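Take a look at the structure set out below.
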Amino acid sequence: DQLVLALGRHARLDPRDPYFYFRSSGASLYLMNHGAALSEARTAVQLNSNCAPAQVRMGQALTFGGFPGEAIAPLERGMRLSPYDSQLSVMLDTLALAHYQVGDYERAIARAHEAMHQTYATVSVLLAASLAQLGRFEEARAALPPAGWKAGSRQRPMAAPYANPAHLEHLRQGVRLAREGGAQAAENRVPSSG
């Protein structure tokens with residue numbers, strides 16, 4: 001309630017400030033109000049299309065709101081606008097997640113590696129899930145964080161609320177594949193009738 005009141009006071013001071021809508025969109029996203037998050041992110045971008053955080057928030061709202069294919073362009077624009085941003089690893093993580101959710105696992109792997117490079121990480125949920133989806137199970141197991149591991153943005157892909165439960169399940173499926181390796185894939189494979 002205090003956050004909503006503070007955001008409301010700020011809007012009355014300057015309703016043309018894209019950073020107000022950027023912040024409000026983030027709050028709405030984590031409060032599971034995906035429609036408001038997307039609307040506020042769009043307003044932030046309309047007010048200043050060169051505001052990198054607004055572009056990235058638009059990408060996050062689209063990714064978690066169920067439109068990962070539409071999220072790629074604003075995320076890439078946000079990174080072009082602020083290539084040395086202190087939040088670059090988060091931007092890359094979200095971009096990797098968007099690629100993962102549309103089934104472009106190769107691009108998801110590339111972006112996850114870039115995000116890891118930014119923070120000197122050696123493990124990544126997104127990298128592990130993407131590798132597993134491509135059947136690269138040994139690499140996937142090596143990239144998988146240990147159970148209960150918490151470290152910055154690597155937990156973000158599963159911590160934020162999803163508007164479409166199938167998207168969260170898609171990510172969980174990749175993580176399960178990474179943990180269980182080829183054994184589960186072999187069990188689920190339909191025998192050929194040849």
What distance in nm separates the simple spin-label points at Glu169 and Ala142, each placed 7 Å from Cα in the Cβ direction? 3.3 nm
Based on the mean of other Cβ atoms within 10 Å per residue, sort peptides 169-177, 39-47 so the most packed one is first. 39-47, 169-177
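Here, each number is a calculation from the coordinates, and none is a lab measurement. The structure displayed is predicted, hence computed values, not measured ones. Using ideal geometry, Cβ is built from the backbone for each residue, glycine included, and neighbour counts are taken over all protein chains shown.
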